[in-house]
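Beneath this line is the structure, given in structure tokens, with notes to follow.
The values are calculated or read from the model by the stated rules, or taken from the named source; none is laboratory data. Small disclaimer: the values here were computed from a predicted structure and weren't measured. When we count neighbours, we look across all protein chains shown, and the Cβ atoms used for this are built from the backbone with ideal geometry, even at glycine. Remember, those area values only see protein heavy atoms, side chains included, never the ligands or the DNA or RNA. Shrake-Rupley method; radii C 1.70, N 1.55, O 1.52, S 1.80 Å.
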Amino acid sequence: MKKVPGPPSFDGLKRRIARHRAENPPRKKDHFVRETYCLGLMDARAKAREWFDEYPKAAYWTEVESWRQLDGDQIEFTMRRLPSAD
């Protein structure tokens, strides 16, 4: 019987990421205000709704920039908006 190969090495990927970061300097800082939260599911929904009520999407470009589910029904998420609606 043939042996099943194991998972691939991540060394090549690590080198590519390092090379990309070295060749491409970080982007200029954008002007968005960001806040990251780690809350239970219902509290996370309430916090996001609070942001959308306080800073309407049309004026502040408010959005949930990223989110991920953690153990224990916790949600880590980042809200993003413009600092003013000028």
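Tabulated results
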| read-out | value |
| --- | --- |
| Total lysine pairs under 29 Å (Cα atoms) in the chain, excluding pairs fewer than 8 apart on one chain | 8 |
| Listed residue (20, 67, 78) projecting farthest to the positive dipole end of the chain, Cβ model | 20 |
| Solvent-accessible surface ranking, highest first, for 81, 68, 15, 34 at 1.4 angstrom | 15, 68, 34, 81 |
| DSSP-assigned coil residues among chymotrypsin sites (Phe, Trp or Tyr not before Pro) in the chain, each with at most 10 further Cβ atoms within 10 Å | 10 |
| Nearest-0.05 FRET efficiency for residue 3 and residue 35, computed from C-beta distance (R0 41 Å) | 0.25 |
| Dipole in debye (nearest 20) - the chain, about Cα centre, beta carbon charges: Lys, Arg +1; Asp, Glu -1 | 840 debye |
| Accessible area, probe 1.4 Å, largest first, for residues 20, 31 | 31, 20 |
| Percentage relative contact order, the range 30-85, counting C-alpha pairs under 8 Å, at least six apart | 48 percent |
| √(5λ) per eigenvalue of the Cα gyration tensor, the chain, largest first, Å | 36, 23, 9 |
